[in-house]
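Colleague: This is the structure, below, for whatever I ask next.
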């Protein structure tokens, strides 16, 4: 069975003090469910947050470079992240793809770097409104996975995590229903079965990354192929974030 996961992507929000207070509240809140909890703060906060963390929460980064070292001003390497306690990173978030022009080829290099450095990752995929309206969303997401992820062997991908982001339903006023989320998650699971095998496909967690909140989390997480969420705005408040975690009860 895939792990149940609730991951909070802070994006460029919160300062260090606010981030520490948030993680302390998460650590002390009684969330009596078998769920892996992750937070992705700005990378310069990882060390400070790890110092106050009780290990209940896994701490990662929102981005990293595929190279080990070099003249890459403003970037951080996996070894640097690991040296301050980070254990996992996001790859291919829609904002990295759209705002920073990260290509499928660039993301493939990051996937390879994560594998080579025994570093966890959440690989993000998803379609825009134009793709959804054209009815080609399944082909689009499959292409993202094939170009950047499916070159891995089964034993390399089995511990990976995929997050589906319906970009058209994030901050647009449009809402993705639980049925639409499950439809795409089921298709992604089928792609994994076709590319690898049923056992491998069943070990990979597929998270929903489209405006998951306390009000819709329980319905989303009840879907057979939705194994949790990659949470944005609702992850910036401990009460709402823990309510999402408790949606698995």
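Colleague: Could you identify which residue out of 178, 83, 203 has the top mean-square fluctuation in a GNM of the chain using Cα springs shorter than 10 Å?
Modeller: Answer for the Gaussian network model of the chain: 83.
Colleague: So, one more: Can you list the residues of the range 88-112 with backbone N under 20 Å from a point 7 Å past the Cα of residue 147, pointing along Cα to Cβ?
Modeller: Counting backbone N atoms under 20 Å from the label point, the list is 90-112.
Colleague: Related question: In the range 103-249, if every C-alpha pair distance is counted and binned at 10 Å from zero, what percent goes to each bin?
Modeller: Using 10 Å bins, I get a P(r) of 11, 40, 35, 13, 0 for the range 103-249.
Colleague: Using only the Cα atoms of the range 1-110, what semi-axes does the equivalent ellipsoid have when each is the square root of 5 times a gyration tensor eigenvalue? Give whole Å, largest first.
Modeller: Result for the range 1-110: semi-axes of 25, 16, 13 Å.
Colleague: Moving on. Explain nothing, just the number: relative contact order of the range 158-249, from Cα pairs under 8 Å at least 6 residues apart, as a whole percent.
Modeller: With pairs under 8 Å counted, the relative contact order is 32 percent.
Colleague: Can you tell me how much longer the chain between residue 34 and residue 104 gets when fully stretched, taken as 0.36 nm per residue apart minus their C-alpha distance, in nm with one decimal?
Modeller: In short, 21.8 nm is gained.
Colleague: Please arrange 184, 12 by how many other C-beta atoms lie within 10 Å of their C-beta, fewest to most.
Modeller: By the 10 Å Cβ count, ascending: 12, 184.
Colleague: Do the sum for the chain: with -39,500 (n - 2.57) for every DSSP H run of n ≥ 4, divided by all residues, what is the mean residue ellipticity at 222 nm, to the nearest 500 deg cm²/dmol?
Modeller: -12000 deg cm²/dmol
Colleague: Suppose each label sits 7 Å from its Cα in the direction of the beta carbon; what would the residue 17-residue 158 distance come out to in nanometres?
Modeller: Label at residue 17, label at residue 158, 4.8 nm between them.
Colleague: I need the shape label for the chain. Rule: rounded when a/c is under 1.5, else prolate if a/b > b/c, else oblate, with a, b, c from the alpha carbon gyration tensor.
Modeller: rounded
Colleague: Sorting 4, 82 on the 10 Å Cβ count, fewest up front, what's the list?
Modeller: Final ranking by Cβ density, sparse to dense: 82, 4.
Colleague: Hey, quick one: spin label on residue 82, modelled 7 Å out along Cα-Cβ, who in the range 112-127 has an amide N within reach, i.e. under 11 Å?
Modeller: Under cut-off, by backbone N: 114-120.
Colleague: For the range 168-186 and the range 1-75, what is the separation of their Cα centres, given in Å?
Modeller: The range 168-186 and the range 1-75 have Cα centres spaced 25 Å from each other.
Colleague: Now for a different question. Return a whole-number percent for the relative contact order of the chain, with Cα pairs under 8 Å and 6 or more residues apart as the contact set.
Modeller: Relative contact order of the chain: 23 percent.
Each reported figure results from applying straightforward, stated rules to the coordinates on display, with no laboratory input. Everything numeric in this text was worked out from a predicted model, so none of it was measured. Cβ: placed from backbone, ideal geometry, glycine included. Neighbour counts: every protein chain shown.
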